[in-house]
Amino acid sequence: EASGSPVLDLAGRRVVVTAGGTREPLDPVRFLGNRSSGKQGVAIAEAARERGASVTLIAANLEVADPAGCDLRTVSTALELRDAVREAAVGADVVVMAAAVADYRPATVSEAKIKKDPGSDEGLTLELVRNPDILAELGHAAHDGTLLVGFAAETEPDAGRLLELGRAKRRAKNADLLAVNRVGWASGFATDDNAVTVIDGDDTIAAELHGTKSSVAHGILNVVVSKLSSAP
Ligand code: CTP
Ligand code: CA
């Protein structure tokens, strides 16, 4: 926190955070990626650390410095992130899936650099296959005692429809909480500010947060702490 000593309301808790964006290789020099900088996920890891948690940060191609005091696991692809989070999630109190995970990866990865066909000026069609939905897998597996927090990145401009998309996503993945984030060409990614609506397990709004990614992180953790302390 900016001033005073932080409240250690996550002391003794183990928190796993995924951050950044996965990259899916096409060949040794190319990948399919996305514009997630990792800022919001890193801010959540830092905030949880400040509040006394022991934090594992699963970092996928961060564009920001990794935070001090976290157990850092570096990954690049969705399949690597899945392995790392599955391992780290065992016995964790909280798993926050803030990473932007590629929905598809190239069906094959070429060992050699893909070359243009010099004899033609035709385009190239890439074949992609689905990646597993890591949050849905965690949500539909037994996860007693582990609070699952997802994110949703949506470009929907209408606030009511945005909320409905978030509610449907939370239900489909069986997450305990889902933070809905409106993104666009110029908002949500490398910016310092963010605005999210946190949807609770009963479809109600648990929090509406806007401000720096650090203040949004603390707001999300306030909801997490209240859910942890009300759990049986
Ligand atoms: N997620 C995941 N594994 C994937 C894709 C997404 O774990 N293969 C997680 C993200 O980390 C995030 C949540 O699911 O916490 C929602 O991601 P998002 O991309 O908004 O939703 P999708 O379910 O992939 O739906 P779509 O991209 O089609 O809107
Ligand atoms: Ca997606």
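Given the residues Ala60, Ala53, Ala48, which is the only one that is within 17 Å of the chain's Cα centre (by Cα), under 16 Å from Leu10 (Cβ atoms) and either among the hydrophobic types (A, V, I, L, M, F, W, C) or open to solvent by less than 30 Å² (accessible area, probe 1.4 Å) (or both)? Please lay out each step first, then the result.
On the way: Ala60 fails: under 16 Å from Leu10 (Cβ atoms); Ala53 fails: within 17 Å of the chain's Cα centre (by Cα).
Exactly one of Ala60, Ala53, Ala48 is within 17 Å of the chain's Cα centre (by Cα), under 16 Å from Leu10 (Cβ atoms) and either among the hydrophobic types (A, V, I, L, M, F, W, C) or open to solvent by less than 30 Å² (accessible area, probe 1.4 Å) (or both), namely Ala48.
Residue by residue, here is whether (1) within 16 Å of ligand 2 (Cβ to nearest atom); (2) not charged (D, E, K, R) holds:
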position	(1), (2)
Val129	yes, yes
Pro132	yes, yes
Asp144	no, no
Leu148	no, yes
Pro157	no, yes
Ala172	yes, yes
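Report, ordered by the first and then the second residue, all pairs with beta carbons closer than 6 Å, sequence separation of six or more or different chains, a first member in the range 100-118 that is within 16 Å of ligand 2 (Cβ to nearest atom), and a second member that is outside any loop (DSSP other than H, G, I, E, B) and of a type in the set (Gly, Ala, Ser).
Taking only residues 6 or more apart or on different chains, the pairs are Ala100/Gly21; Val101/Ala78; Ala102/Ala78.
Do we have Ser36 as open to solvent by 10 Å² or more (accessible area, probe 1.4 Å), in a loop (DSSP other than H, G, I, E, B) and without any contact (Cβ under 8 Å) to a residue 12 or more places away in the chain here?
Numbers: open to solvent by 10 Å² or more (accessible area, probe 1.4 Å): yes; in a loop (DSSP other than H, G, I, E, B): yes; without any contact (Cβ under 8 Å) to a residue 12 or more places away in the chain: no.
The answer is no for Ser36.
Could you identify the single residue in Arg73, Arg105 that is more than 20 Å from Val42 (Cα to Cα) and in a strand (DSSP E or B)? Spell out the reasoning first.
Working: Arg73 fails: more than 20 Å from Val42 (Cα to Cα).
Being more than 20 Å from Val42 (Cα to Cα) and in a strand (DSSP E or B) holds for just one of Arg73, Arg105, which is Arg105.
Assuming Ala88 fulfils every condition listed in (1) open to solvent by 60 Å² or more (accessible area, probe 1.4 Å); (2) assigned to a helix (DSSP H, G or I); (3) in contact (Cβ under 8 Å) with a residue 40 or more places away in the chain apart from one, which condition is it?
It fails just one condition, (1).
When the range 107-118 is examined, which residues are found to be under 30 Å from Ala153 (Cα atoms) and either in contact with a Pro (Cβ under 7 Å, 6 or more places away or on another chain) or within 15 Å of ligand 1 (Cβ to nearest atom) (or both)?
Val109
Condition first: open to solvent by 70 Å² or more (accessible area, probe 1.4 Å), under 30 Å from Asp93 (Cα atoms) and not acidic (Asp, Glu). Now tell me which residues in the range 120-157 satisfy that. Full working, then the answer.
Keep residues of the range 120-157 that are open to solvent by 70 Å² or more (accessible area, probe 1.4 Å), which gives 121-128, 130, 140, 142, 144, 155, 157.
Next cut, under 30 Å from Asp93 (Cα atoms) only: 130, 140, 142, 144.
The answer is Arg130, His140, Ala142.
Across the range 55-86, what is the total count of residues that are within 20 Å of Arg35 (Cα to Cα) and either out of contact with any helix residue (DSSP H, G or I) (no Cβ under 6 Å at 6 or more places or on another chain) or among the hydrophobic types (A, V, I, L, M, F, W, C) (or both)?
Here the count works out to 18.
The values are calculated or read from the model by the stated rules, or taken from the named source; none is laboratory data. Note that the structure is predicted; figures quoted are calculated from it, not measured. Ideal geometry is used to build each Cβ from the backbone, glycine not excepted, and the neighbour counts take in all protein chains shown. In case anyone asks, the SASA skips ligands and DNA or RNA and just uses the protein heavy atoms, side chains included. Shrake-Rupley method; radii C 1.70, N 1.55, O 1.52, S 1.80 Å.
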